[in-house]
Structure formats: structure tokens, C-alpha cells
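Report on the structure given below.
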Amino acid sequence: MTHHVPDFTTLLRGARSTAVHLEMRDSYAVSGEAEEFEEFKRSGKVNEDPESERWAAWVPLVQEAVGRGVVLRRARIVSEPVTDYVRWEHAVTSVNLAAGELVRWLPRSRTSAIALPGNDFWLIDDRLVLFRWFTGDGTWAGHTFTGDRAAVRLCSSAFEAVWERGIPHEKYRMAT
């Protein structure tokens, strides 16, 4: 059963206990990140200021959810050696952690025995899934929102398997 997709802020504000996010791409081409990513490739510098415009929408949203008792976990499946984009993601993850997210990384070579959905997703309270898909070059291409029990079970099972095998952010050493 497919539902109207609320904006993400509304979705996360509706979370009661858990919000998990599984990212499975080695590169994204999100327009709002392009300038900062290019600067990172040139200089190695990242924006770790949680009060900056780049983080203005995300950090307060996460802090509000965590403050209500929502456990917010993010897992990233990555190919090794990692891409420049993954190196950049790793470098800015300190802001996600400071806001209250828990983050783990899992090398793709360790995922062969895990049944994974075909797209990245957010799973809210083990009841609602927001699937997001991207073009081959990483440009956002669309999404769908569902409460279908089979989809929820698959996403929950996949996320928990990735999380169990994943390496906490502070311990993950990227193969470059």
C-alpha cells in the first residue's frame, strides 16, 4: 500500500521510537552538497560547524527527535577502496554524531549474505518506509512511501543485519 509522502521533516517529527537510514551508494550528486564536496576534493576541508547554513535544517531536526527519545541510526554500505564522496561523508559525519545520530559503516564485501532492498531507505518506527532512488550518476530521481508489511520486514531485517556487522564510525578506517 503506497501513501502520500509527507516532507521528510514531518516524517521524522512523527517518529515515536526509531528512525533508521540505510545508504548503499558510493556517490551521490545532491545539488546542495556539490560546492562543499568540490571544496573538499580541492582542499580536504569540511564544514563541521553544526550551526552553519549547510547544517541548519538537519542538526535541529535530529536533536529534536533524539530529545524526544527517538533512536536515530544511519548505516552506510561502501565499496573499498572508497570513493572521494565516501571520504567526504566520513569527514562530515562528526556533525551527525554530535547531533545525536549513531553511524556505522560496512564494507560492501561483507554484505553478500544479506538480503538488501534495491534502494536506499528510511524506516520509521518499524512501520513506515521511505524508499529513495537515484540515477546512475547519483542524482536524486524519486521516492515512494509505504507501510506494506513485507517491505517493512525486509528493510528492518536488512538494516539490522547491516548494523550488526557494521563498524562504528569512530573505529572505521577507510581503505583508500
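Specify the residue that is surrounded by the most Cβ atoms within 10 Å (Cβ to Cβ); the eligible residues are those in segment 164-176 that are in a helix (DSSP H, G or I) and touching a helix residue (DSSP H, G or I) at 6+ places or on another chain (Cβ under 9 Å).
Step one: of segment 164-176, the residues in a helix (DSSP H, G or I) are 164-165, 169-171.
Narrowing the set further to residues that are touching a helix residue (DSSP H, G or I) at 6+ places or on another chain (Cβ under 9 Å) leaves 165, 169-170.
Values: ARG165: 16, HIS169: 18, GLU170: 9.
Checked segment 164-176; the qualifying residue surrounded by the most Cβ atoms within 10 Å (Cβ to Cβ) is HIS169.
Which residue, of SER43, SER52, SER31, is modelled with pLDDT of 95 or more and small (Gly, Ala, Ser)? Write out each step before concluding.
Values: SER52 fails: modelled with pLDDT of 95 or more; SER31 fails: modelled with pLDDT of 95 or more.
Going through SER43, SER52, SER31 in turn, just one is modelled with pLDDT of 95 or more and small (Gly, Ala, Ser): SER43.
Name the residue, out of ALA113, ALA98, ALA75, that is surrounded by fewer than 17 Cβ atoms within 10 Å (Cβ to Cβ), under 24 Å from PHE40 (Cα atoms) and not charged (D, E, K, R). Steps first, please.
Working: ALA113 fails: under 24 Å from PHE40 (Cα atoms); ALA75 fails: surrounded by fewer than 17 Cβ atoms within 10 Å (Cβ to Cβ).
Sole residue among the options that is surrounded by fewer than 17 Cβ atoms within 10 Å (Cβ to Cβ), under 24 Å from PHE40 (Cα atoms) and not charged (D, E, K, R): ALA98.
Would you tally the residues in segment 58-92 being assigned to a helix (DSSP H, G or I), basic (Lys, Arg) and either farther than 26 Å from PRO107 by Cα or within 14 Å of the chain's Cα centre (by Cα) (or both)? Write out each step before concluding.
If we filter segment 58-92 for residues that are assigned to a helix (DSSP H, G or I), which is where we start, we get 58-67, 84-92.
Cutting the leftovers down to basic (Lys, Arg) gives us 87.
With the extra rule that they be either farther than 26 Å from PRO107 by Cα or within 14 Å of the chain's Cα centre (by Cα) (or both), the set shrinks to none.
Going through segment 58-92 one residue at a time, the tally reaches 0.
Go through segment 128-137 and give me each residue that's surrounded by 15 or more Cβ atoms within 10 Å (Cβ to Cβ) and under 15 Å from the mean Cα position of the chain (by Cα).
VAL129, LEU130, PHE131, ARG132, PHE134
Which of the residues that make up segment 114-127 are more than 17 Å from VAL78 (Cβ to Cβ), of a type in the set (A, V, I, L, M) and more than 12 Å from the chain's Cα centre (by Cα)?
ALA115, ILE124
If you go through segment 142-163 one residue at a time, how many are farther than 15 Å from THR18 by Cβ, within 16 Å of the chain's Cα centre (by Cα) and either aliphatic (A, V, I, L, M) or not in a strand (DSSP E or B) (or both)?
Qualifying residue count, segment 142-163: 1.
Restricting to segment 37-50, and then to whatever is surrounded by 14 or more Cβ atoms within 10 Å (Cβ to Cβ) and in contact (Cβ under 8 Å) with a residue 24 or more places away in the chain, can you tell me which residue is nearest to TYR85 (Cα to Cα)? Full working, then the answer.
Taking segment 37-50 and keeping what is surrounded by 14 or more Cβ atoms within 10 Å (Cβ to Cβ), we get 37, 39-40, 46-48, 50.
Filter once more, so that each one left must be in contact (Cβ under 8 Å) with a residue 24 or more places away in the chain: 37, 40, 46-48, 50.
On the way: PHE37: 7, PHE40: 9, VAL46: 12, ASN47: 14, GLU48: 16, PRO50: 20 Å.
Filtering segment 37-50 for residues that are surrounded by 14 or more Cβ atoms within 10 Å (Cβ to Cβ) and in contact (Cβ under 8 Å) with a residue 24 or more places away in the chain, the one nearest to TYR85 (Cα to Cα) comes out as PHE37.
When you look at ARG16, is it among the basic types (Lys, Arg) and outside any strand (DSSP E or B), yes or no? So that I can check it myself, show each step before the final result.
Numbers: among the basic types (Lys, Arg): yes; outside any strand (DSSP E or B): yes.
For ARG16, the condition - among the basic types (Lys, Arg) and outside any strand (DSSP E or B) - is met.
The values are calculated or read from the model by the stated rules, or taken from the named source; none is laboratory data. Treat the numbers as computed from the prediction; the structure is a model and nothing was measured. When we count neighbours, we look across all protein chains shown, and the Cβ atoms used for this are built from the backbone with ideal geometry, even at glycine.
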